[in-house]
Amino acid sequence: MCLRFHILITAITAVVILMSYEYMATQQIRAGEYYSLILLGAVGMCLMSSAVELVLIFIALEISSISTYVLAGFRRRAAISSEASVKYFLLGSFATAFFLYGVALMFGATGSTGISVIAQSLRAGNTSTLAFAGIALMFVGLGFKVAAAPFHIWTPDVYEGAPAPVVALMSTGPKAAVFAVLLRVLFEINAPGRLGLIWVTAALSMTLGNLSALVQHNVKRLLAYSSIAHAGYLMMAYAALPANGIPAVMFYTATYAAMNVGAFAIVSHLAGAGERYVTIEDYAGLGRRSPLLAAALSIFLLSLIGIPMTGGFFAKFYVFSAAFQNSLTGLVIIGVLNSAIGAYYYLRLLVVMYMKEGGQEIPIAPTPLALHAALAISIAATLYLGILPGRVIEFASRSVRDLTQ
Amino acid sequence: MLHLSLFLIFGAICITGAINLLVQRHPINSALSLVVVMGSLAVEYLLLGAEFVAAVQVIVYAGAVMVLFVFVIMLLNAGEEEQTSGSRVAILFGIPGMIIGSVLLAWVLVARSGTGEVALGALPGSPRSIARLLFRDFLLPFEVTSVLVLIAIMGAVVLAARPEAVEHTKKEG
């Protein structure tokens, strides 16, 4: 399981760095510390996904969080970026405090911070109130980090203000790592009362995310709400049985990373100096002005909708079927309805791109080689996961045994 | 009994200090409330038997860190001094607080015979056992903390530096 998440996080970081070269030059940001912050943050994410001890998980969570707090404020000349950084920092530290409190209560209930010892103690019939409270508080902290409703309020503002490549990173990398931690906390510990928690957060995230995304004009905000919705779909898999849920979670994180990083690569390229062109209207006529970029963005958007032949389809399929097999029919119905709502705003962007003439000519810089590479990797991953998902899902299923002895 | 009541009293002081820290408008008042929080936390640690941690708490947090805080606040807000004739809170709660304090002290002295004594170092909070935890059982988290500190320092440098315009080295494309 660790290996798989390490590969995913390393790939995300590599692609984000590829797209950052051009972005940093366009925005005229001095990028000395930028790359080291990204790489050190990636160290934290990898540690987080492989740690089996809550104290180490906490420290790794802090490493990845602090690097993203700082990265969010990297557009120093834009007030909105500093605002994003401060908001993210204040709310983020609040959430980490929740997580730490949960860890402390868990230690109080079971006398250990090791995941396996906690799991044994709970399996032996220790269901004290402390353990329940510990799980709930840890869930609040982790739920904040993956932007699941009702802990999602920060997401649109932060995603709007932060530099676009950083948004690509923080909507995928730390989230993947935190989902790995959630796998341990919810499945390996076999958290008591997890079904109720998941039910509420999954349903709320999907519905709130999709409904709010319908009325957005800024593409970055739209993708922010879409990421809340996707966190909701992903959460559904945690309510399933471990044998189905764990591979579904892993497949979904990989797919979501591929398509979201790709989409943000294009957003960050089109944004231009000072991120001026980020509204949906700015994408009008993109299909005519830059057919290749439009085609790439269409693939990512179709995958985000969940059209067959793209990774998004199988990701949703595995999650929904995993939830269905645990007889969570109500949740699955909410999920499918939400996918239908979600299709509307992705399609709206597609329609604007291809069928609407751009009013004023917005300059599109020629795409540099690094961006080509970034897009090629994301498209290849999205399509590979959509056409030949078998190998990946089998690879993911192997970690079921590690997590459920 | 005495132990528990002391623990609860200092816990209440700690929480009151933390709330006061948030409500106060003047930064110096907030900083001083933070001293109260740190001090009462040290007492809580001591009551839990962690005497070494309590000492470190007083030396590092209540001492070094707070001095730094107050110093920075003084440097930033120099000249914003205001004269008050004692706060209303002090007048309202000062005398009752004194009375409660002395009653408590008397009660402790009266009930003293019932409480046992614990020698220094008898509880498992000695530097030796902490070192064993820190450098053996939790060595990896301890070492990883250095990455955390490094990243925090780098972040502070980035955010504190002036956003000067980089020289215009625009590449083609």
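The values are calculated or read from the model by the stated rules, or taken from the named source; none is laboratory data. What you see is a predicted model; the values in this text were computed from it and never measured. As a convention, Cβ positions derive from the backbone with ideal geometry for all residues, glycine included, and neighbour counts pool all protein chains shown. Just so you know, the surface numbers come from the protein's heavy atoms only, side chains and all, with ligands and any DNA or RNA stripped out. Shrake-Rupley method; radii C 1.70, N 1.55, O 1.52, S 1.80 Å.
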A:H217 to B:V110: FRET efficiency via 1/(1 + (r/R0)^6), r the Cβ-Cβ distance, R0 51 Å, to the nearest 0.05? 0.10
Quick one: if the Förster radius is 41 Å, what FRET efficiency do B:A156 and A:T329 give, using the C-beta to C-beta distance and rounding to 0.05? 0.20
Note on the range A:48-109: alpha-carbon gyration tensor, axes a ≥ b ≥ c; rule is a/c under 1.5 for rounded, else prolate if a/b larger than b/c, else oblate; result oblate
Just to confirm the number: angle between the C-alpha axis of helix A:173-182 and the first principal axis of chain A, 0 to 90 degrees, nearest 10? 20
Run the helix sum for the protein assembly as shown: -39,500 (n - 2.57) per DSSP H stretch of 4+ residues, divided by residue count, reported at 222 nm to the nearest 500 deg cm²/dmol. -24500 deg cm²/dmol
Rounded accessible area per residue of chain A, 1.4 Å, Å²: 34
List the relative contact order of the range B:1-80 as a percent without decimals, with contacts defined as Cα pairs under 8 Å and 6+ residues apart. 27
For chain A, longest principal axis from Cα atoms; helix A:390-403 axis from its Cα atoms; angle between them, nearest 10 degrees, is 30
Within the protein assembly as shown, how many Lys pairs that are eight or more residues apart, or on different chains, come under 21 Å at the alpha-carbon? 8
How far is helix A:242-271 tilted off the main Cα axis of chain A, in degrees rounded to 10, range 0 to 90? 20
³J(HN,Hα), Karplus 6.51/-1.76/1.60, whole Hz, each residue of the range A:6-18, x for Gly, Pro: 5, 4, 4, 5, 4, 4, 4, 4, 4, 5, 5, 5, 4
Would you please put A:209-222, B:140-153 in order of how densely packed they are, using the mean number of other Cβ atoms within 10 angstrom per residue and starting with the highest? A:209-222, B:140-153
Can you work out D for the protein assembly as shown in µm² s⁻¹ from Stokes-Einstein, where Rh is the Kirkwood radius over C-alpha pairs, the temperature is 4 °C and the viscosity is 1.567 mPa s? 50
List, in order, the whole-Hz ³J(HN,Hα) value for each residue of the range B:123-135 obtained from phi through the Karplus relation with A = 6.51, B = -1.76, C = 1.60 and θ = phi - 60°; use x for Gly and Pro. 8, x, x, 6, x, 4, 6, 5, 4, 5, 5, 6, 9
Going highest first, how would you order B:155-162, A:298-305, A:331-338 by mean Cβ packing within 10 Å? A:298-305, A:331-338, B:155-162
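As a test of the definition: with a 1.4 Å probe, what buried accessible area, both sides summed, do you compute for B against A, in Å² to the nearest 100?
Details: alone 14080 and 14890 Å², together 26760 Å².
Buried: approximately 2200 Å² between A and B.
Could you work out the mean count of beta carbons from other protein chains within 10 Å of each residue's beta carbon in A:52-58?
Average per residue, whole number: 3.
Shielding by partners for B:37-46, please: the mean number of other protein chain Cβ atoms within 10 Å of each residue's Cβ.
Averaged over the peptide's residues, the number is 0.
Given Cα pairs under 8 Å that are at least 6 residues apart, what percent is the relative contact order of chain A? Write out the running numbers ahead of the final one.
Numbers: 685 pairs, mean separation 75.9, N = 405.
Relative contact order for chain A comes out at 19 percent.
Could you calculate the FRET efficiency of B:F93 with A:L90 from 1/(1 + (r/R0)^6), where r is the beta carbon distance between them and R0 is 35 Å, rounded to 0.05? Please list the in-between numbers first.
Details: r = 31 Å, r/R0 = 0.89.
Plugging the Cβ-Cβ distance into 1/(1 + (r/R0)^6) gives 0.65.
Given the peptides A:286-292, A:72-78, arrange them by the average over their residues of other C-beta atoms within 10 Å, most packed first.
Numbers: A:286-292: 16.3, A:72-78: 21.0.
For the peptides A:286-292, A:72-78, the packing ranking is A:72-78, A:286-292.
Ordering B:I15, A:I364, A:I280, B:I73 from largest to smallest accessible area (1.4 angstrom probe), what's the sequence? Before the final figure, lay out each step's value.
Values: B:I15 105, A:I364 55, A:I280 5, B:I73 35 Å².
The residues order as B:I15, A:I364, B:I73, A:I280, largest area first.
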At what distance in angstrom do the alpha carbon centres of the range A:196-242 and the range A:354-397 lie from each other? 22
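Order A:D157, A:D402 by their accessible area, 1.4 angstrom probe, all chains in place, largest first.
A:D402, A:D157
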